[in-house]
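Participant: Pasting in a structure now, in structure tokens, and then I'll have a few things to ask.
The values are calculated or read from the model by the stated rules, or taken from the named source; none is laboratory data. Everything quoted here is computed from the prediction, not taken from an experiment. Note that we place each Cβ from the backbone using ideal geometry, even for glycine, and neighbour counts take in every protein chain shown. For accessibility, only protein heavy atoms count, side chains too; no ligands or nucleic acids. Shrake-Rupley method; radii C 1.70, N 1.55, O 1.52, S 1.80 Å.
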2 protein chains.
Amino acid sequence: MKPGIPKGTRDFLPEQVAKREYIFSVIKRAFQTYGYVPIETPVMENLKTLTGKYGDEGDKLLFKILNNGDFLAKADKQALEDGNSSGLISSIADRGLRYDLTVPFARFVTMHQNDLSFPFKRYQIQQVWRADRPQKGRYREFYQCDADVVGSDSLHYEAELVQLFDQVYATLGIKVSIKINNRKVLYGIAESQGIADQFMAMTIAMDKLDKIGREKVIEEMTKNHIPEAAAHQVMDILSCKDLDEMQEKIASSSIGVAGIEELRTFHRFIDTSELSNELSFDPSLARGLNYYTGCIFEVAAKDVAIGSIGGGGRYDDLTSVFGLKGVSGVGISFGFARIYDVMEELKLFPEDISRTLDILILSFDIDSHGYGFRLMTQLRKAGVSADLYPKPIKMQKQMKYANNIKVPYTIVIGSEEMTSGVLSLKDMNSGEQNKVTVNQLIEKFTNI
Amino acid sequence: MKPGIPKGTRDFLPEQVAKREYIFSVIKRAFQTYGYVPIETPVMENLKTLTGKYGDEGDKLLFKILNNGDFLAKADKQALEDGNSSGLISSIADRGLRYDLTVPFARFVTMHQNDLSFPFKRYQIQQVWRADRPQKGRYREFYQCDADVVGSDSLHYEAELVQLFDQVYATLGIKVSIKINNRKVLYGIAESQGIADQFMAMTIAMDKLDKIGREKVIEEMTKNHIPEAAAHQVMDILSCKDLDEMQEKIASSSIGVAGIEELRTFHRFIDTSELSNELSFDPSLARGLNYYTGCIFEVAAKDVAIGSIGGGGRYDDLTSVFGLKGVSGVGISFGFARIYDVMEELKLFPEDISRTLDILILSFDIDSHGYGFRLMTQLRKAGVSADLYPKPIKMQKQMKYANNIKVPYTIVIGSEEMTSGVLSLKDMNSGEQNKVTVNQLIEKFTNI
């Protein structure tokens, strides 16, 4: 049997795990500095928690888990007879794999509302699964890294989440531009042009501006019953980058003006001169997700054309579907897979990131192998990462292994070393050798 | 809709996540000090990778993932007609959830053999899923923490894995007894009593000695065609705790003597006086798993009656089922869920383990809230974990929140603080207040 793994999934070798852990650790440290606490939810959710939350297309992309035991006994007879696969699912699969972290979080907040103090600031770094067609950079199993605050509508959280984005990308060494907009301003644009009823069609078309250009966006709008004059007006308004100017243009919409006011409050909190990256108001930023109701953000890498590597926004009613009403929230998500790719492309990972072993001990015979074992034990006890080649085979073969695993230092144990207790530490990069005692070794490698 | 989660799964609140992370970090650090490197494998494996590896009972406990799209189109017509659920599975589910980390690791080694340097020392800390009946302490989703070396038969690894067990449990503060035996010695006992053909029946019965006692074990053996005299002889031999004595008793079995020799070599490496916990030879230790072929270990907590909290052993042929022959390996597994329970019961988790926030800032009005936001920004930039209550509401309510989230320090911003720049830091445990500047604050909280 030739082994394989499911399409769209991946094994991770040690160096890849180390690089991933590095990104996670930078993000986690920032989350904690900003007062966010971690939660974890199960990989499996009840299917009824998931279905209907991601649109029809999303429902198709859910991975469903077949009920255990005699699942056919409770199968929908009619659906079976009709060969109706999608109609059969709910009777033979009660559970599905998590599709994102947002819906499980809303479910979590509702279930645990009495154990939480609000505002509740949580972060969550876990995998999600989508049965999308795999392609370059798109997998069926991938990590999401989310931070959300629920239970407060203070704009101070919008400001701190932008600071958090700024700090994480600066720490990772990725230059980004951060864009902010407000869904209420977008609604104000629609309302001021008399196309409030076509608000969704307008935002969906607008979202494609970067990809298809102004003319095609206008074309799509008119196809969706937006008068051509209004479509042109909308596009003109989108080009204004100044809050005062925008306020004038959408003055007739009280919702739109409220959105402008939110952006002003946001700017009172944040001091853009203290950010490492540029932050700009972009009225053409729409973000597809329907549940956003206030400020929205998006982050793009400056030196790699890879699309958005982070985003988020304010939502007013995420938990009501589970029965908890009136909980406003705001959250962001780091585009982990793309961040990884950007770091690889720009060579931003620290050198030797996967190196955890400091010293490999090599030996000539059974006696020196035993001596090496005791030396290794002593080093490990002191917290030095050390290893011993398993057998005293030909020195050349042992050295080859040392090179393969890229260990930075080796020590060869011979009769001289056993007699004197003085060891010869070889730097595998420079080839340089130095005489050291065990205590000197421990001092050197625990002071790094 | 009242939300819930699947039976046998759990949500984890921040304190639980912090406690789990603490155990993982101790184990990971030890793995790395001992030269093990991390890998990760997908949550989903091809079902054919998993089926047949865990016995018939195991196959039933696998979670299977329903194929996406029109899965009925390729369903086995006969099985459908017969209402044969188990016969239908292979035609409608190509994938399943990981049941343990050992089989995916064997699959990984086979697939990536050309990218690995042998001996390959890997650790893996990931979740697994089993559709077992949930009960106290047994879940359907749980973590496994494994370390394995493949590609060497050196007994030095058995010795270092026992040292690793010893060090991890000592670091966690759990007193344990570590038992060692060798499957070849067990075979030698069977062979010397002329019951080599009943070897499996003998070990299965023996494994229950602690639970059911000597008489019942003998009863089970005789039921399984082991002559009563031989069964009594086996039980007598099991009581000898000394390698010399054991060697005499099984001298007629060359395999048994080879097992004794392995245990002697193991003891030449390890210096038991340097271990923090006791290590003993226990010939009645059998460990159920069939794939073990050499030394086997088991770890039990001394102060809590909870069964095994760790175990492992040598296997000679794990990867051959995937086509890679002649790769000897040895590995251990930490019983993570039980370790967690022991730590809880003995109160071994460090105090304040879930505390990541140092300071909560409170404010009286919009001006002081804005001042607080800038102070918070400054503290976070310096690496101090700080937060700000979202709105300048009644001070009593803000203080209640500070108590609820158990933050150790608060700072209230008033007009005096804004004028002087001197802040009043309140220790929430003692109630003590101290005047500090921002720089003093940063120094205090980055030196902890």
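Participant: Taking R0 as 56 Å, what's the FRET efficiency between B:Asn429 and A:Lys347 from their Cβ-Cβ distance, rounded to 0.05?
Facilitator: With R0 = 56 Å, the Cβ-Cβ based efficiency is 0.75.
Participant: How much FRET efficiency would the formula 1/(1 + (r/R0)^6) give for B:Glu57 and A:Ser86, where r is the Cβ-Cβ distance and R0 is 30 Å, rounded to 0.05?
Facilitator: Details: r = 32 Å, r/R0 = 1.08.
Efficiency for this residue pair is about 0.40.
Participant: Have a look at B:Ser276, B:Ser86, B:Ser333 and tell me which one the Gaussian network model of chain B (Cα, springs below 10 Å) gives the largest fluctuation.
Facilitator: Of B:Ser276, B:Ser86, B:Ser333, the Gaussian network model singles out B:Ser86 as fluctuating most.
Participant: In the stretch B:338-432, which trypsin sites (Lys or Arg not before Pro) are in a loop and have at most 11 other Cβ atoms within 10 Å, using DSSP for the loop call?
Facilitator: Of the trypsin sites (Lys or Arg not before Pro), the ones in loops of the stretch B:338-432 whose Cβ has at most 11 other Cβ atoms within 10 Å are B:Lys347, B:Lys394.
Participant: Over the Cα atoms of the stretch B:359-446, what is the Rg over Rh ratio if Rh follows Kirkwood?
Facilitator: Computed over Cα atoms, the ratio is 0.92.
Participant: Run through the DSSP bridge list for the stretch B:359-446 and note the antiparallel percent, rounded to the nearest 5.
Facilitator: 45
Participant: Dividing the alpha-carbon radius of gyration of chain B by 2.2 N^0.38 Å (N being the number of residues), what value is obtained?
Facilitator: On the way: Rg = 28.6 Å, N = 448, 2.2 N^0.38 = 22.4 Å.
Compared with the compact-globule rule of thumb, chain B sits at 1.28.
Participant: List the relative contact order of chain A as a percent without decimals, with contacts defined as Cα pairs under 8 Å and 6+ residues apart.
Facilitator: Details: 732 pairs, mean separation 63.8, N = 448.
It comes to 14 percent, rounded to a whole number.
Participant: With +1 on each Lys and Arg Cβ and -1 on each Asp and Glu Cβ, how big is the dipole of chain A about its Cα centre, in debye rounded to the nearest 20?
Facilitator: With Lys and Arg at +1 and Asp and Glu at -1, about 1660 debye.
Participant: Bin all alpha-carbon pair distances of the stretch B:140-219 at 10 Å intervals from 0 and give each bin's fraction as a whole percent.
Facilitator: 13, 29, 34, 21, 2
Participant: Right, another one. Per-residue ellipticity at 222 nm for the protein assembly as shown, helices alone: DSSP H runs ≥ 4 residues times -39500 (n - 2.57), over residue total, nearest 500 deg cm²/dmol?
Facilitator: That calculation yields -12500 deg cm²/dmol at 222 nm.
Participant: Moving to a separate point now. What does the average come to when, for each residue of peptide A:154-165, you count the partner chain Cβ atoms lying within 10 Å of its Cβ?
Facilitator: 3
Participant: Antiparallel as a % of all DSSP beta bridges within chain A, to the nearest 5?
Facilitator: Working: 48 of 62 bridges.
Of the beta bridges lying entirely in chain A, close to 75 percent run antiparallel.
Participant: Please identify, among B:Ala106, B:Ala337, B:Ala402, the residue showing maximal mean-square fluctuation in a Gaussian network model of chain B using a 10 angstrom Cα cutoff.
Facilitator: In this elastic network of chain B, the residue with the biggest mean-square fluctuation among B:Ala106, B:Ala337, B:Ala402 is B:Ala402.
Participant: So what does log10 I(q)/I(0) come out to for the stretch B:272-402 at q = 0.12, 0.19, 0.23 Å⁻¹, using the Debye formula with one equal point on every Cα and no solvent?
Facilitator: After summing over all Cα pairs, the log10 values are -0.71, -1.11, -1.29.
Participant: Something else about it: Given label points at 7 Å from Cα along Cα→Cβ, what nm distances, shortest first, separate B:Thr437 from the same residue in every other copy?
Facilitator: Nearest first, the other copies' label points are 4.6 nm away.
Participant: Send over the semi-axes of the stretch A:20-147's equivalent ellipsoid, whole angstrom and largest first, taken as the square roots of 5 times the C-alpha gyration tensor eigenvalues.
Facilitator: Its equivalent ellipsoid spans semi-axes of 33, 18, 11 Å.
Participant: If you don't mind, there's one more thing I want to ask. What residue among A:Ile250, A:Ile89, A:Ile366 shows peak mean-square fluctuation when chain A is described by a Gaussian network model with Cα springs under 10 Å?
Facilitator: Result: A:Ile366 has the largest fluctuation of those listed.
Participant: What nm value, rounded to one decimal, do you get for the distance between B:Lys48 and B:Asn403 when each label is placed 7 Å out toward the C-beta?
Facilitator: According to this spin-label approximation, the distance is 6.4 nm.
Participant: Now for a separate question. Shielding of A:266-275 by partners, i.e. mean partner chain Cβ atoms within 10 Å per residue?
Facilitator: Mean partner shielding for this stretch: 2.
Participant: Here is a further query. Taking the alpha carbon gyration tensor of the stretch A:45-99, what are the square roots of 5 times its eigenvalues, largest first, to the nearest whole Å?
Facilitator: 20, 14, 7
Participant: Give a quick list of trypsin sites (Lys or Arg not before Pro) in the stretch B:1-39 that DSSP marks as loop, anything other than H, G, I, E or B, with at most 16 other Cβ atoms within 10 Å.
Facilitator: Counting only loop positions with at most 16 other Cβ atoms within 10 Å, the trypsin sites (Lys or Arg not before Pro) in the stretch B:1-39 are B:Lys7, B:Arg10.
Participant: A follow-up question, please. Within the protein assembly as shown, what percent of beta bridges assigned by DSSP are antiparallel, to the nearest 5?
Facilitator: 80
Participant: Separate question: With labels modelled as points extended 7 Å from the Cα through the Cβ direction, what inter-label distance (nm, one decimal) is found for B:Gln378 paired with A:Phe199?
Facilitator: If labels sit at B:Gln378 and A:Phe199, their model points lie 4.1 nm apart.
Participant: Can you send over the solvent-accessible area of A:Ser85, 1.4 Å probe, protein chains only, in Å² to the nearest 10?
Facilitator: It works out to around 10 Å².
Participant: To continue, here is another question. In whole angstrom, note down how far apart the Cα centers of the stretch B:36-115 and the stretch A:311-340 are.
Facilitator: With the stretch B:36-115 and the stretch A:311-340 each reduced to a Cα centre, they are spaced 34 Å.
Participant: Mind scanning A:Lys2/A:Lys136; A:Lys19/A:Lys391; A:Lys2/B:Lys48; A:Lys28/B:Lys397; A:Lys136/B:Lys28 and naming the pairs with a C-alpha gap bigger than 20 Å?
Facilitator: A:Lys2/A:Lys136; A:Lys19/A:Lys391; A:Lys28/B:Lys397; A:Lys136/B:Lys28
Participant: If you don't mind, another one. Given the protein chains as shown and a 1.4 Å probe, how many square angstrom of B:Lys302 are accessible, to the nearest 10?
Facilitator: Result for B:Lys302: roughly 100 Å² accessible.
Participant: What FRET efficiency do you get for B:Ser254 and B:Asn224 if R0 is 25 Å and r is their Cβ-Cβ distance, rounded to the nearest 0.05? Please report the intermediate quantities before stating the final value.
Facilitator: Numbers: r = 25 Å, r/R0 = 1.00.
In this case the efficiency is close to 0.50.
Participant: Would you mind working out the magnitude of the charge dipole of the protein assembly as shown relative to its Cα centre, with +1 at each Lys and Arg C-beta and -1 at each Asp and Glu C-beta, to the nearest 20 Debye?
Facilitator: It comes to approximately 380 debye.
Participant: To the nearest µm²/s, what D does Stokes-Einstein give for the protein assembly as shown at 4 °C and 1.567 mPa s, using the Kirkwood radius over alpha carbon pairs as Rh?
Facilitator: 42
Participant: Let me test this: with uniform point scatterers at the alpha carbons of the stretch A:74-224, what is the Debye-based log₁₀ I(q)/I(0) at q = 0.11, 0.16, 0.19, 0.21 1/Å?
Facilitator: Taken in order of the listed q values, log10 I(q)/I(0) reads -0.81, -1.26, -1.25, -1.25.
Participant: Less than 12 Å Cβ to Cβ from A:Thr377, Lys/Arg counted +1 and Asp/Glu -1: what total charge do the surrounding residues give?
Facilitator: On the way: positive: A:Arg374, A:Arg380, A:Lys381; negative: A:Asp387, B:Glu160, B:Asp166, B:Asp271, B:Glu274.
Around A:Thr377, the surrounding residues sum to -2.
Participant: Using 7 Å Cα-to-Cβ label points, what is the A:Ser320/B:Ala305 separation (nm, one decimal)?
Facilitator: So the label points at A:Ser320 and B:Ala305 sit 5.5 nm apart.
Participant: Please give the average number of partner chain Cβ atoms lying within 10 Å of the Cβ of each residue in A:18-25, rounded to a whole number.
Facilitator: Per residue, the number of nearby Cβ atoms from other chains is 1 on average.
Participant: On a 0 to 90° scale, report how tilted helix A:156-172 is relative to the longest principal axis of chain A, with both axes built from alpha carbons and the result rounded to the nearest 10.
Facilitator: 40
Participant: Based on the alpha-carbon set only, what is the convex hull volume of the stretch B:7-84 divided per residue, in Å³?
Facilitator: Taking the convex hull of the Cα positions in the stretch B:7-84, it is 188 Å³ per residue.
Participant: How much length would be gained if the chain were fully extended between A:Arg29 and A:Asp11, taking 0.36 nm per residue of separation minus their Cα-Cα distance, in nm to one decimal?
Facilitator: 3.9 nm
Participant: I've got another one for you. Quick one: dipole size for the stretch A:359-446, taken about the Cα centre, charges +1 on Lys/Arg Cβ and -1 on Asp/Glu Cβ, in debye to the nearest 20.
Facilitator: Rounded to the nearest 20 debye, it is 300 debye.
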